[in-house]
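The values are calculated or read from the model by the stated rules, or taken from the named source; none is laboratory data. Keep in mind that this is a model prediction, so the values were computed, not measured. Here the Cβ is made from the backbone with ideal geometry for all residues, glycine too, and neighbour counts use every protein chain on show.
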Amino acid sequence: MYTTAYRPTQDFLITDLSDSHYDKLIIFKHCVCQIGDIENYMPYCFTGSILIDMMAKMGAKNNDRFLTCRVINGKLEDGSWAFVKLSRKDDLRVLSNRTLVQHCPDSLVGSVLTQVQRKMLIKGLSI
């Protein structure tokens, strides 16, 4: 799996993926992000599958951390939502952790993560 592009926004980190089941990885930057706001950052012409990492809002060990859905012409498709469980060593989970720490480390403070969890991420440990 490779990232082909990375785009920061006010609320999300958006990473384009290749060689993955998902076309984009959307990472929440803080605990007040709203899923519906993702559409504001999707190009109208984009159709594909996205994986959403809500760690900053839901926590690191929550089974509801990762969510997938289908996007059609830049709009989130109703009825396509599903929670995804990824192990700590899964490439997508490691990528998401690393992307957040490398590109937006200040957002860790605005998350629901504990101080210990933030330190683990900064040291490169996948949580």
Inset, instruction - With the condition kept exactly as written, say whether any residue in region 73-80 is touching a strand residue (DSSP E or B) at 6+ places or on another chain (Cβ under 9 Å), closer than 18 Å to L108 by Cα and of a type in the set (D, E, K, R). - result: no
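Name the single residue, out of those in region 1-45 being assigned to a loop (DSSP other than H, G, I, E, B) and β-branched (V, I, T), that is farthest from the chain's Cα centre (by Cα).
Residues of region 1-45 assigned to a loop (DSSP other than H, G, I, E, B): 1, 9-11, 19-23, 29-34, 42-45.
Adding the requirement that they be β-branched (V, I, T) leaves 9, 32.
Values: T9: 12, V32: 14 Å.
By that ranking, first place goes to V32.
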Inset, instruction - Answer yes or no: is there a residue in region 32-52 that is closer than 26 Å to L125 by Cβ, touching a Gly at 6+ places or on another chain (Cβ under 7 Å), surrounded by 15 or more Cβ atoms within 10 Å (Cβ to Cβ) and modelled with pLDDT under 95. - result: no
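Pick from V84, V71: which is among the hydrophobic types (A, V, I, L, M, F, W, C) and under 14 Å from the mean Cα position of the chain (by Cα)? Step through it out loud before you land on a result.
Working: V71 fails: under 14 Å from the mean Cα position of the chain (by Cα).
Unique residue meeting the criteria: V84.
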Legend entry - Enumeration of residues in region 15-33 that are closer than 14 Å to C69 by Cβ and not hydrophobic (A, V, I, L, M, F, W, C): H21, Y22, D23, K24
Legend entry - Extreme residue, nearest to I35 (Cα to Cα), among residues of region 60-79 that are in contact (Cβ under 8 Å) with a residue 12 or more places away in the chain and among the small types (G, A, S): G74
Inset, instruction - May I ask you to verify whether F12 is free of Cβ contacts under 8 Å to residues at least 40 places away in the same chain, closer than 14 Å to C69 by Cα and not basic (K, R)? - result: no
